[in-house]
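A short write-up of the structure that comes next.
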Amino acid sequence: MLDLGRYLLGVLEILLLGGFAWLGGVNLRRWLLPRFEGAPAHLATSVIALALLIWAAELLGSFGWLEPMPYLVLITAIGLGCWKFTPKWLEGDGSPSPDTSRQWLDVECLGRGSRPPLPTVMALLISGAAVVGFALEAKSKLSTGMTGFDSTWYHGPFAAGFFQSGDTWDLHFIAPQFLAWFYPANGEIFHAAGMLAFGRDVLSPLLNLGWFVGCLVACWCIGRPFRVAPWSLALGAIALSVPVLADQAGEARNDIVGVFFLLAGVAVMVNAWGGVGRSEKRLDREEGGAGVGPFLVVGLAAGLAAGTKLNFLLPAAVLVAGLALVAPRGDRGRAFIAAALAALAGGGYWYLRNLVHSGNPLPWIHHLGPIDLSAPEQALGGREAHSVLGYLGDGSVWSDWFLPGLQNGLWFFWPLLLAAALAGLVLALLQFRGSFRTDSDRKEPRNDLTLGMAGLVGLATALAWLIAPTSASGPEGMPRGFESGLRYLAPALVLGLGLLSAVLPARFRLGGKGHPPNGRILKSPSPLARRLSGRGVPLAALAGLLLAIAIGYPVQRHYLESRYEDPSFTSAPGLNAAFAWARDVSGARIATTSTRQYPLFGTDLSNHVQYLGTEQPHGGFEAAEACPTYLRLLDEGDYDYVVVTRDREEPGKPPYPPTARWTKAAGAKIILKEPPTVVFELNKPVRPSACR
């Protein structure tokens, strides 16, 4: 646990990191999107600030310098540099563009009187219930530690590896399944940042709650230019609360991170050019805008999503290409270049790393038509790969797996959810019809084109789920991974429901006239609106922050005392016992044959943990399956302990893997033995000759 002084030091570092990143984000957003205000302005600022945090970590991590002080100094320099040197765009009369950052809330949510409109109240209640439900799920992990399979397999080890080594460029080899060490890792950067601040993972179970709230803000912003923000918020909250996303709470899983960036990109796009019947001012240089600013921010958000998880590559690419499609004819090339470069900046780092290490930015792909690509020559391992597309015509799979999985993962009224989401995406896509035959001389993207583009992005997300080789993984005819794989469909579900509330007014011309030219819904907000949009929200936020810091101290003590104290989350009793043993081990070198290895890093994350395997050409990595190779790796690694195990007890097989026998023959000392796991202490040199 952390004493009060160390805890407050960590809090201070987080506040400084976040504060200077936000300072840089605010100034860049004012330059790129000078007319944004309220929630869309803060959402765009968040995207830019998060990108600054990632870029600083990647820059330092490329040289092995990702450590607390260099990271803090670099973020401070970036924030101050943006504040000092970012250009200020001017209005036509020469005066600076209005500072909208002080409008903390969208005044339309507060109405003309002293009470908010009923739809807003209902939406806030629904979204509040969603946040509470997600927080309660996360709360349970404060008594156990992160227990999800993916968190303990690769999310946690990647973050801890960045924290220990300060290196983000080299491949962090873990269990040889799915070539996971090539996965993009934007989400893990933020877990590593928390570890750098506190020296522990006390922030990790709470981070996804922040991403969840960010997704709700993005849902609000998607409906805002169409005057249906409360409805898009409520429907988005329902979609984000489906059971298949419950495993994001309290874990290091990154699906919710990618959902946030994708929703944020769509939200910035529709707020830059969207609206029902809106007589907009142009967001270009002539009207005091930044010209390519919206394209840069939307492209950046798309790239950040693609740099978080592979299944966001297709929708991100569609969003970037679509920006060129909806731009005015004379600006299409500029729009595409701006969006593409911003997307590469947001997520290209990890794919460049893969290219350097394997000769292929996507090492899972071995062939591109007749062209052979450089890639590791090894089986993917893990579950057998199958896509939902391959089973669409299989009635028995539908009855035995798909229908029960849909009911469990998306609630019993899943047909209604899917139908409503599909309707939202299709109706949005239909906004394209006829749009390219009119207004050929238009000077800005039309709102119907951007709405159609949003629908196309959602359909691309659904297509990515449909064809993903892990969307129905498992033995032939037994897609055990289908229910879990529905989380790849969840972004399309959220986007479709959010767009449904926006597309109906646009489709049927509901709601009368849209925004006035200045972009504000109400020119004379109520006294309540003025109070809350002024100092009320900052003061409330400050009070909430101080309360969170005060509550955080006993919470982190409870978490660190309980973390993996009595684990029972694997089906292997011996592996659970090994995790409990490792929590009190510090500064040790631990070798393992377990796929799930994050708990072995110890409470203070000081244990160096390495899966025993051999590196192969083009960035490959395979398990050590021969005794001489296995013992040689133990000898060369200078390990203090080795945890040999299977991931689960397997009937019909010996209680312990062959590596247990090899390790014992080499002279290691048994300190824990429970099927299917043995923990050995290596207190003397390993004898590779023991294989004879």
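The values are calculated or read from the model by the stated rules, or taken from the named source; none is laboratory data. Nothing here was measured: the structure is a model prediction, and the numbers come from that model. Note that we place each Cβ from the backbone using ideal geometry, even for glycine, and neighbour counts take in every protein chain shown. Ligands, DNA and RNA are excluded from the accessible area calculation, which covers all protein heavy atoms including side chains. Shrake-Rupley method; radii C 1.70, N 1.55, O 1.52, S 1.80 Å.
Against the test of being free of Cβ contacts under 8 Å to residues at least 24 places away in the same chain and within 23 Å of the chain's Cα centre (by Cα), the options L43, L15, L23 yield a single qualifying residue, L15.
So which residues in region 128-176 are part of a loop (DSSP other than H, G, I, E, B) and open to solvent by less than 10 Å² (accessible area, probe 1.4 Å), if there are any at all? Answer for region 128-176, where residues must be part of a loop (DSSP other than H, G, I, E, B) and open to solvent by less than 10 Å² (accessible area, probe 1.4 Å): G145, M146, G166, T168, I174, A175.
Scanning region 171-207 for residues being in contact (Cβ under 8 Å) with a residue 60 or more places away in the chain and within 30 Å of G359 (Cβ to Cβ) gives a total of 20. For region 361-397, the set of residues classified as assigned to a helix (DSSP H, G or I) and either surrounded by 15 or more Cβ atoms within 10 Å (Cβ to Cβ) or touching a residue at least 24 places away in the same chain (Cβ under 8 Å) (or both) consists of L389, G390, Y391, S396, V397, listed by residue number. Of L262, L216, all but one fail to be touching a residue at least 40 places away in the same chain (Cβ under 8 Å), over 28 Å from V555 (Cα atoms) and either open to solvent by 10 Å² or more (accessible area, probe 1.4 Å) or assigned to a helix (DSSP H, G or I) (or both); the exception is L262.
When region 1-44 is filtered for residues that are under 15 Å from G293 (Cα atoms), of a type in the set (F, W, Y) and open to solvent by 20 Å² or more (accessible area, probe 1.4 Å), only W31 remains. Applying the condition of being of a type outside the set (G, A, S) and open to solvent by 10 Å² or more (accessible area, probe 1.4 Å) to region 199-213 and asking which residue is farthest from S562 (Cα to Cα) yields V213. Scanning region 398-424 for residues that are without any contact (Cβ under 8 Å) to a residue 60 or more places away in the chain and among the polar types (S, T, N, Q) returns S399, Q407.
For every residue, the table says whether it meets (1) at pLDDT below 95; (2) under 17 Å from I54 (Cα atoms).
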position: W104; (1), (2): yes, no
position: L118; (1), (2): yes, no
position: A135; (1), (2): no, no
position: A138; (1), (2): no, no
position: P157; (1), (2): no, no
position: F162; (1), (2): no, yes
position: G199; (1), (2): no, no
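Screening region 650-674 for residues that are surrounded by 17 or more Cβ atoms within 10 Å (Cβ to Cβ) and in a loop (DSSP other than H, G, I, E, B) and picking the one that is farthest from the chain's Cα centre (by Cα) gives A666. Between G481, G511, G496, the distinction of being modelled with pLDDT of 95 or more and either under 24 Å from A123 (Cα atoms) or surrounded by 18 or more Cβ atoms within 10 Å (Cβ to Cβ) (or both) belongs to G496 only.
Just so you know, in region 273-322 the residues that are of a type in the set (G, A, S), farther than 21 Å from W55 by Cβ and open to solvent by less than 20 Å² (accessible area, probe 1.4 Å) include one that is modelled with the lowest pLDDT, and it is G288.
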